[in-house]
Each structure stands twice: as C-alpha cells, then as structure tokens.
Amino acid sequence: MPETRPVDVELGGEPVWVVGVPLGGGTGWVVALTSGRLEAYRLAGEGAEVEPWLVVPDELPPGAPPLVAAEGERLRLVSSTEGKPSPLTHPVPAGGRLVGVDGEGRLSAEPGGDVGVAALPDARVVRGEGGTLAVASDPTASYEHGVLGDEVEAGSITLLEEGSGGPEVSGKVLPESGGVFEGLAPVWFEASPGLELLAVTESEGESGSRISAYAPDGTLALSGPFVGEPMKWRHLLAAGPFGPDGEVELAVTRTPHVGGVIEFYRPNPGEGTLEIVATLPGYTTHTLYSRNLDSVRAGDLDGDGAWEVLVPDRFRTGLAAVRHAREGAEEAWKVPIGGTLTTNLASATDREGRLSIAAGRTDGVLRIWP
C-alpha cells in the first residue's frame, strides 16, 4: 500500500460510510452519502479505470451504515424487509437468517421475529469463530459521557446460539466494575489457542475506561488498567498478531479526542491481565459524537510479514501504519489522504489476494489505494 498510486473518485456529495467487497476479478465499493443515497463503483485492479456500478437498493436512511454483498457481478445491499429496522445499524446474516436491531431497540431475526433482547439502537451484532453471536444490550443512561452519538451505553453483552427456531439467548456478560460497556460492539479474539474471548471497552464513573476481556460464560478473564480519570475513553481498534514475534495483541487508542495514544496490549492469562507493552502518541481514531468507530484497518498492509494498524493521524489528513516492533511502537509509514477524512476506512481483497483500502473525504472524494 505505501508504494501504491491512489485513485480518486469524485462523488455526488459528502460521504459518510464506505464498504468494499471482492467483485469479479477486482473490487467493488459502495459509498453512503450524507443524503442517504448510495453510489457504487468497480475497480478491475491496479492501474484500471474506476467504473460506476449498480447497487440495489441505492438508498438508506441518512447516516445509516450499509452492509453489502457481491453476487457475481452484482452488488446487493443487505437489509431487512420485515418490520422497521433501526436506522443506526445494519443486520448480519446468521444461520440462514438476518439478525439485527429493530426501530424499537429489540433484537430480531428475519424470519423469526423478536429474540427477546433489548439492544443498543446502534449495536452491531458480531459473530465468533464458533458461531456464537454477541450484541451490546440493556441500554442505560447511568454513565453520562455521550461521546459515541448519544448518552446511552450498554449495561451488558448478550450472547446467542442458533436454535431450532432462530437465535436463542445463551448467556450474558455484565461489567465487573459495575459500570458500562462503552462501544457499539465487542471484539471476538483468540487470546491463546482454543481460548476465544470478548474484548470490550469498560467504563465507570471514577476511573474512566479500561480494556477487558470476558469469557462467553460471563467471567472476567483479562483486564487492563483504567485511565485513572473520569470520562476518559479508550477506543478498542482491533485484535491480531501485532507482537514482534507474531504474538496476539489488542490495538487500542487511549483518549483519541485528547492527544490520542496507540496502545498495544498483550494477554497474560496466567495473571489475568492485559499488559500494555508498547505505546505511540499522535493519532485521532474517533471524532466526538460520531457513531463511526471504524476509522481503522489492520493486517500486513505492506507485505513485509508483520501486522500494522492503519489509523488517521492527528489532523485526519494522513493514514499512518503503526506497528509493534522489538524497539517499541513505531510509525512504519504514512500516506496522504489528499483532504480530511470523514468516513470509516474500508478494505477489500480481490481473488488474486491483492488488498485495497478506501477512505472518503470531506470534499466529496473517495480515495482508493488499489
């Protein structure tokens, strides 16, 4: 990616969300504008021209995040056709059904109906490797921070397994601190072989946020330190083999609104801790009052065999690849956005294994690094 010449696409308005998918021999990109209108494009590969493409349907409620599926050469918006879905999130396919949040904040399945869970209205349903679903649930206004688009946070994480008639509640995770889970979705990750945990941002009124990892049975398995000040948030970015020798670590931004610091956490199951093993300041991975927690990509983005986390710089005009090297956290490289980032970061891998990244700018341009 750092040596790739980017492609700029003029859009019909300011973008809010971007989604990338494999499409034919290249990649497809769907952009949601502030108006709710969707624009789609196809890029056949590096050096190819960008072609306008068709996505069906081509409109969402303004601000709603899209989920897109590619069917051959066709792009299809994944959306509920029954009832009134929440305009703040999207459903996910699970067990031959769509599972998502309806307009009343209830988790529902299509087909199947109400699952019996009060979810955050903007919750993202996430699936573990074993098929277990997890969703931020039991909305509460007990923690008055409000930096993620509203003043409601999750009082629990509800777990669901596929049953004969649809998803069924199999367990619930409660914050050990007595606080809340401050995020739209947990992150499933394998802390050690065979040990799949749920990583979350856990916040409470006296000490701010910490990163915690819970077992599906609700047990607190691992925890990091609290920030130490009220209303100080940690942005959980990604999990992967970020360590110098490929060790599994969590990438996090401490206080992304005030001098954001990238932190790498190493699980220590023996001690029950998440240890901060490397840090690097200077990154703004979230903007105040936004529901966009996705301005990040992670993986081996330059083909050197090591994982990086790709994040906006302090001014959100460049994308920096931060890695955990033996000497500590370092900025491996940075690419200019050509303007100011206003969307999430999206990625897509074509059938040849080439990774592309895309980002939308405030000036109504989509920049793609093919």
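The values are calculated or read from the model by the stated rules, or taken from the named source; none is laboratory data. These figures come from a predicted structure and were not determined experimentally. Here Cβ is always computed from backbone atoms with ideal geometry, including for glycine, and neighbour counts include all displayed protein chains.
Okay, here's what the table says:
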{"quantity": "Selection status of residue 82, farther than 23 Å from residue 7 by Cα and at pLDDT below 90", "calculated": "yes"}
{"quantity": "Selected residue [touching a Leu at 6+ places or on another chain (Cβ under 7 Å) and farther than 22 Å from residue 292 by Cβ] from 135, 117", "calculated": "117"}
{"quantity": "Any hit, the stretch 31-41, residues being among the β-branched types (Val, Ile, Thr), part of a strand (DSSP E or B) and either within 22 Å of residue 341 (Cα to Cα) or in contact with a strand residue (DSSP E or B) (Cβ under 8 Å, 6 or more places away or on another chain) (or both)", "calculated": "yes"}
{"quantity": "Candidate set from the stretch 143-191 (those that are among the charged types (D, E, K, R) and part of a loop (DSSP other than H, G, I, E, B)); member that is nearest to the chain's Cα centre (by Cα)", "calculated": "182"}
{"quantity": "Only listed residue being under 24 Å from residue 60 (Cβ atoms), surrounded by fewer than 21 Cβ atoms within 10 Å (Cβ to Cβ) and not β-branched (Val, Ile, Thr), chosen from 95, 105, 130", "calculated": "105"}
{"quantity": "Positions within the stretch 340-358 being part of a strand (DSSP E or B) and within 28 Å of residue 288 (Cα to Cα), in sequence order", "calculated": "341, 342, 343, 344, 345, 346, 347, 348, 356, 357, 358"}
{"quantity": "Residues (crowded, with 23+ Cβ neighbours inside 10 Å and within 23 Å of residue 347 (Cβ to Cβ)) located in the stretch 266-284", "calculated": "283"}
{"quantity": "Selection from the stretch 198-220 of residues that are more than 22 Å from the chain's Cα centre (by Cα) and either without any contact (Cβ under 8 Å) to a residue 40 or more places away in the chain or farther than 22 Å from residue 256 by Cα (or both)", "calculated": "206, 207, 217, 218, 219, 220"}
{"quantity": "Scan of the stretch 76-92 for residues that are surrounded by fewer than 18 Cβ atoms within 10 Å (Cβ to Cβ), more than 17 Å from the chain's Cα centre (by Cα) and not in a loop (DSSP other than H, G, I, E, B), ordered by number", "calculated": "76"}
{"quantity": "Number of the condition not met by residue 288 [criteria: (1) of a type in the set (A, V, I, L, M); (2) surrounded by 15 or more Cβ atoms within 10 Å (Cβ to Cβ); (3) outside any strand (DSSP E or B)]", "calculated": "(2)"}
{"quantity": "Residues within the stretch 246-289 that are of a type outside the set (Ser, Thr, Tyr) and within 20 Å of residue 300 (Cβ to Cβ), tallied", "calculated": "13"}
{"quantity": "Condition met for residue 360 (within 23 Å of residue 13 (Cβ to Cβ) and small (Gly, Ala, Ser))", "calculated": "yes"}
